[in-house]
Amino acid sequence: MRNVDFMIAWIVIPARNEERRIRNTIEKYSKCVNGKRIGIIVVSSSNDDTDSIVSEYSKKYNFIKLIKSREREGKGGAIIKGFIRAMKDKPDFIGFLDADGSVGCAEFLRMLRLLESNKRIDGVIASRYSIGSTIRGGIPASRFVASRAYNLLIRLLFRIDVKDTQCGAKIFRTRAISNVVSSLTILGMSFDVDLLYSLKLKGRKIVELGVAYDQSNEGTSISIARNAPQMLAAAFGFRIYKSRFGVLIPKSLTRFAYNRIKRW
């Protein structure tokens with residue numbers, strides 16, 4: 001087993017009270033990446049047994065790390081913290097994965113191989129709606145409609161040519177992430193849009209790869225009635241903030257609005 005200093009890639013997993021799902025994800029990914037110079041960083045703000053489960057695996061595998069967060073930072077905040085930790089080891093690639101493991105390790109490695117083999121691209125993101133994708137278990141009609149409507153809005157607002165901004169598996173060249181990580185401001189579920197738009201502004205080329213997505217793994221706690229308005233409000237607010245009018249908006253007001261949206 002190689003020392004972590006020789007890792008070519010780190011995968012960040014944000015976790016908040018994931019004791020029911022994290023063991024299965026870590027178990028499958030640890031066996032899959034063992035010996036491949038790929039590490040896993042779990043950033044946890046949990047108050048259940050998530051931390052103890054990850055610690056159990058970190059004792060077994062030196063490529064698994066646990067970062068405990070005292071604050072509930074949201075998906076984006078956890079990923080940013082993981083990115084900063086990963087960049088210290090200067091890997092070639094940094095990515096992130098949802099704790100449910102709906103995108104399996106074989107699919108993630110396909111994404112990594114595509115990125116490794118094509119020097120003209122800076123990132124590969126998993127997609128449930130691109131050519132070659134399959135969805136096990138099916139997406140509920142309400143989720144599908146909300147997802148497609150949100151994607152259309154994002155395309156119109158940000159001119160991002162991406163069919164699935166929210167699929168929970170993405171991998172990038174470290175140099176691309178290092179150029180944008182300090183500018184990322186959205187810490188919640190709309191973090192992906194912030195990241196992709198920031199990369200676009202830097203001229204980075206991102207491609208989608210259709211993947212086998214296991215909806216039955218997801219077991220999501222997302223509420224369409226609650227989270228959809230949050231994400232829409234965040235998207236509109238973020239677009240205004242990133243426009244030429246953004247300089248007129250005090251940062252204190254931005255933080256206040258974001259915190260209000262989170263409490264909906």
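The values are calculated or read from the model by the stated rules, or taken from the named source; none is laboratory data. Since we're looking at a predicted model, the values are computed, not measured. Cβ sites come from the backbone with ideal geometry, for glycine too, and all protein chains shown count toward neighbours.
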task: Filter segment 197-219 down to residues that are polar (S, T, N, Q) and over 19 Å from Val124 (Cβ atoms) and give me whichever is modelled with the lowest pLDDT.
output: Asn217
task: Please find, among Lys90, Lys65, Lys59, the residue that is outside any strand (DSSP E or B), among the basic types (Lys, Arg) and in contact (Cβ under 8 Å) with a residue 12 or more places away in the chain.
output: Lys90
query: Just one of the numbered conditions (1) over 15 Å from Gly39 (Cα atoms); (2) modelled with pLDDT of 95 or more; (3) not hydroxyl-bearing (Ser, Thr, Tyr) is not true of Gly76; which one?
result: (2)
query: Just checking, how many residues over segment 68-87 are of a type outside the set (S, T, N, Q) and part of a loop (DSSP other than H, G, I, E, B)?
result: 4
- request: Can you tell me which residue among Leu152, Leu195, Leu187 is part of a helix (DSSP H, G or I) and surrounded by 15 or more Cβ atoms within 10 Å (Cβ to Cβ)?
  value: Leu195
- prompt: Before we move on, is Lys163 assigned to a helix (DSSP H, G or I), of a type in the set (Lys, Arg), surrounded by 17 or more Cβ atoms within 10 Å (Cβ to Cβ) and modelled with pLDDT of 80 or more?
  reply: no
